[in-house]
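Chemist: Encoded as structure tokens, here's the structure I'll be asking about.
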Amino acid sequence: MLIREELEQIVKTALQTAIDSGVLVMEDVPDCALERPRDGGHGDWASTLAMRAAKAAGKNPREIAQAIVDHMPENSLIDSCEIAGPGFINFSLKPEALQSVVAHVRNERMDYGRGVAPDVMRKVNIEYISANPTGPFHVGHGRWAALGDATSRVMRHAGYDVFEEFYINDNGNQMDVFAESVVVRYLQLLGFDVELPEQCYAGAYVKDIAQAIIDEDGDAWVSADEAERLLNFRERAYAYELAEQHRVCDSFGTSFDLWFSERTLYQPDEQGKSAIDKALDAMDAAGYLYEKDGALWFRSTDFKDDKDRVLRKSDGSYTYFMSDMAYHYNKMQRGFDHLIDIWGADHHGYIARCQAMLSAWGYEGSLEIMLGQLVNLFRDGTAVRMSKRTGEMVTFEELLDEVGADATRWIMLSRSADQMVDFDIEVAKKQDATNPVYYVQYAHARICSILRKAAGDDDLNLVALDSVAPAQTDLSLLTHESELALMRKMDVFPELVEQAARDRAAFRFTHYAQELASLFHAFYTQCHVITEDEALTNARLALCDATRTVLALSLSLLGISAPERM
């Protein structure tokens with residue numbers, strides 16, 4: 001049982017004892033409402049139970065708090081209770097309570113802090129990146145990748161059943177424009193004087209695709225039927241860019257359960273019904289479709305949208321919103337309880353209409369949008385907008401090649417999604433304490449080194465390091481303030497997982513990992529780990545081992561490696 005759960009039980013028992021003894025008279029008993037004091041000097045935990053019970057008990061909160069404290073049962077957890085302010089009850093824990101955290105972490109290992117998600121939204125679909133397959137990822141896509149991947153990891157550890165999805169926008173005019181761009185570059189590379197239309201894609205990658213076609217087919221397509229050539233080039237360019245997107249995601253350590261093609265929404269099933277048809281049928285059955293001026297409309301104003309939305313235009317073609325509507329209906333039909341989409345902040349105006357469509361089908365509240373702010377790229381404090389290699393936009397892949405996946409992830413996740421990130425390339429490349437990801441990873445590597453030294457074997461792998469400190473160790477020897485501080489910080493981890501998952505706030509683990517690493521470095525400075533006292537050495541090795549596990553776990557939730565050596 002976690003410390004919080006034990007403490008909750010103790011407080012509940014104290015309240016019930018006060019009621020049974022007649023000191024307090026109340027029928028409706030609120031929960032004990034434990035929280036972490038903002039000021040560490042106010043103890044390890046605080047309860048607002050007395051203030052929440054004031055109305056039911058008909059007493060001043062401080063009187064209620066005193067009654068609870070007076071009836072506190074004997075326990076091995078609480079060192080002292082203090083009534084503060086209008087009726088807070090602050091609890092300071094005994095050292096042995098904190099010491100139990102070490103044993104708990106070492107027993108649970110990478111399952112430490114694993115929780116159980118609320119049943120109402122247990123099965124979650126998280127869709128992110130979802131870039132058009134018409135060009136390389138930009139740096140903003142990299143942030144969506146980091147946010148989506150880390151959010152998925154944190155929610156999964158908190159007990160949610162998470163399904164990660166990439167929506168491929170492979171239907172529509174942009175695909176034809178992409179194909180036309182490749183055709184023009186193909187002809188230019190073969191010496192034809194052809195101008196690139198303004199609407200076409202001008203990036204150097206288009207020339208690469210055109211050159212690949214020349215390498216395979218030569219000039220065979222120069223005199224070919226234009227429609228046939230456009231179709232051929234479109235499919236080849238699409239396959240090329242999609243493969244590139246897969247490769248870059250793999251290099252970043254991001255994987256998806258499904259890459260969902262927009263095109264499939266228009267393909268009929270065995271009954272002759274497409275996903276578009278099914279979504280429209282369901283919306284029509286709900287009564288929110290109408291025709292006007294030859295177009296088909298969705299009555300989204302019934303759900304607080306600022307205007308109704310066109311689904312099928314008067315010429316019979318579907319709008320982009322129709323694809324989006326069918327896609328989200330398809331996701332819900334696949335059995336998800338909750339949908340999370342990660343979009344760029346410039347898509348803010350699209351939220352109301354998308355939430356309206358889910359509400360119209362009876363799925364109110366099932367769609368959640370995380371808006372990610374952009375990334376400002378710098379090099380030694382100077383803004384960077386162009387690639388040194390191509391003179392164009394810096395791509396996400398170029399950033400990864402120069403900085404590496406770990407540092408990139410850390411910086412992308414260092415702030416909440418709704419805050420812009422300032423990414424200085426040179427700072428990210430530093431291998432010293434000024435670089436936070438290096439600082440945290442170094443703490444993990446240092447602990448591995450300590451454990452190898454204690455074992456007298458410099459070749460031990462991570463699995464073997466688990467057993468360097470004996471399983472049965474006298475943890476009561478861990479009483480130094482730096483040791484207690486480390487244990488307090490590790491005790492926070494399970495609730496941090498729960499809260500970060502609930503708030504979609506994976507960025508909190510960057511701050512947590514830095515703080516834990518800082519506390520370890522302070523402990524290492526103030527306390528010798530390997531001493532003449534074997535029992536003390538074993539206790540401190542156990543503490544090091546637990547810290548190593550929580551550091552590795554924190555990094556893994558961010559998708560960042562925990563190196564054994566640096």
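Chemist: How much of the DSSP bridge set in the chain is antiparallel, in percent, rounded to the nearest 5?
Modeler: Expressed as a percentage, antiparallel bridges in the chain total about 50.
Chemist: Which value, in Å² rounded to 10, gives the accessible area of TRP259 with a 1.4 Å probe and all protein chains present?
Modeler: TRP259 has an accessible surface of roughly 50 Å² with all protein chains in place.
Chemist: Something else: Quick one: dipole size for the chain, taken about the Cα centre, charges +1 on Lys/Arg Cβ and -1 on Asp/Glu Cβ, in debye to the nearest 20.
Modeler: Rounded to the nearest 20 debye, it is 1040 debye.
Chemist: For a protection proxy built on the mean count of beta-carbon atoms within 10 angstrom, sort 191-200, 539-548 highest first, please.
Modeler: Ranked by mean Cβ neighbours within 10 Å, highest first: 539-548, 191-200.
Chemist: Just to confirm the number: angle between the C-alpha axis of helix 95-108 and the first principal axis of the chain, 0 to 90 degrees, nearest 10?
Modeler: 40 degrees
Chemist: So what does the Cα-only Debye profile of region 77-184 read at q = 0.18, 0.19, 0.21, 0.24 Å⁻¹, as log10 I(q)/I(0), no solvent term?
Modeler: Result of the Debye calculation: -0.99, -1.02, -1.07, -1.18.
Chemist: Run down the aspartates and glutamates and flag those whose C-alpha is under 13 Å from the C-alpha of LYS292, throwing out any fewer than 8 positions away in its chain.
Modeler: Within the straight-line cut-off, LYS292 pairs with ASP308, ASP315.
Chemist: Another one. What does the C-alpha gyration tensor say about the overall shape of region 116-263? Classify as rounded when a/c is under 1.5, otherwise prolate if a/b is larger than b/c, or oblate.
Modeler: Since a/c reaches 1.5 and a/b is larger than b/c, the shape of region 116-263 is classed as prolate.
Chemist: Still on this structure: Using protein chains only and a probe of 1.4 angstrom, how many square angstrom of GLU402 are accessible, to the nearest 10?
Modeler: Approximately 70 Å² for this residue.
Chemist: Which of the three applies to region 470-566, rounded, prolate or oblate, going by the alpha-carbon gyration tensor with a ≥ b ≥ c and a/c under 1.5 meaning rounded?
Modeler: prolate
Chemist: If one takes the longest principal axis of the Cα atoms in the chain, at what angle in degrees, from 0 to 90 and to the nearest 10, does the Cα axis of helix 3-20 lie?
Modeler: 60 degrees
Chemist: Just the number please: accessible area per residue for the chain, 1.4 Å probe, all protein chains included, in Å².
Modeler: 46 Å²
Chemist: Shifting gears a bit: Straight-line reach from LYS12: which lysines have a Cα under 26 Å away, not including same-chain ones fewer than 8 places off?
Modeler: LYS55, LYS59, LYS94, LYS489
Chemist: Still on this structure, I have one more. Order of 61-70, 518-527 by packing, highest average Cβ count within 10 Å first?
Modeler: The densest-packed peptide leads the list: 61-70, 518-527.
Chemist: For the charge dipole of the chain, defined by +1 on Lys and Arg C-beta atoms and -1 on Asp and Glu C-beta atoms about the Cα centroid, which residue among LEU477, TYR442, ALA286 has the Cα displaced farthest towards the positive pole?
Modeler: Selected residue: LEU477.
Chemist: Just to verify a number: what accessible area does VAL29 come out at with the full protein assembly present, 1.4 Å probe, Å² rounded to tens?
Modeler: 70 Å²
Chemist: Plugging the Kirkwood radius over Cα pairs into Stokes-Einstein for region 27-112, at a temperature of 20 °C and a viscosity of 1.002 mPa s, what D comes out in µm²/s?
Modeler: Values: Rh = 14.2 Å.
In µm²/s, the coefficient rounds to 151.
Chemist: Also, quick follow-up: To the nearest 500 deg cm²/dmol, what mean residue ellipticity at 222 nm is calculated for the chain from DSSP H runs of n ≥ 4 alone, each contributing -39,500 (n - 2.57), summed and divided by the residues?
Modeler: Value at 222 nm, helices only: -15500 deg cm²/dmol.
Chemist: Here's a follow-up. What whole-number distance in Å separates the alpha-carbon centres of region 304-350 and region 274-291?
Modeler: The two parts, judged by their Cα centres, are 13 Å apart.
Chemist: Using alpha carbon coordinates only, what is the Rg to Rh ratio of the chain, with Rh defined as the Kirkwood radius?
Modeler: Ratio of gyration radius to Kirkwood radius: 1.06.
Chemist: Nearest-5 percent of antiparallel DSSP beta bridges in region 255-372?
Modeler: Of those bridges, close to 55 percent are antiparallel.
Chemist: Restricting the count to DSSP beta bridges whose residues both fall in region 334-424, what percent are antiparallel, rounded to a multiple of 5? It would help to have the intermediate numbers written out before the result.
Modeler: Values: 3 of 13 bridges.
In region 334-424, DSSP labels about 25 percent of beta bridges as antiparallel.
Chemist: A follow-up question, please. Once phi is turned into ³J(HN,Hα) by the Karplus curve 6.51 cos²θ - 1.76 cosθ + 1.60 with θ = phi - 60°, what whole-Hz value does each residue of region 528-544 show in order, with x for glycine and proline?
Modeler: Values, residue by residue: 6, 7, 8, 10, 6, 8, 5, 5, 5, 4, 5, 5, 6, 5, 5, 5, 4 Hz.
Chemist: For region 228-322, what is the largest minus smallest coordinate of the Cα atoms on each principal axis, given in angstrom and ordered from greatest to least?
Modeler: 46, 36, 30
Chemist: Which shape class, rounded, prolate or oblate, goes with region 432-527 when its Cα gyration tensor gives a ≥ b ≥ c as root eigenvalues, a/c under 1.5 marks rounded, and past that a/b bigger than b/c marks prolate?
Modeler: It is prolate, given that a/c is not under 1.5 and a/b is the larger ratio.
Chemist: Between region 7-39 and region 475-546, what's the alpha-carbon centroid distance in Å?
Modeler: 30 Å
Chemist: Please give the helix 173-189 orientation as an angle from the longest Cα principal axis of the chain, in degrees from 0 to 90, rounded to the nearest 10.
Modeler: Tilt relative to the chain: about 60 degrees.
The values are calculated or read from the model by the stated rules, or taken from the named source; none is laboratory data. This is a predicted model, so every value here is computed, not measured. Because the Cβ atoms are built from the backbone with ideal geometry, glycine has one as well, and the counts that use them run over all protein chains shown. Protein only, heavy atoms only, side chains kept; ligands, DNA and RNA dropped before computing areas. Shrake-Rupley method; radii C 1.70, N 1.55, O 1.52, S 1.80 Å.
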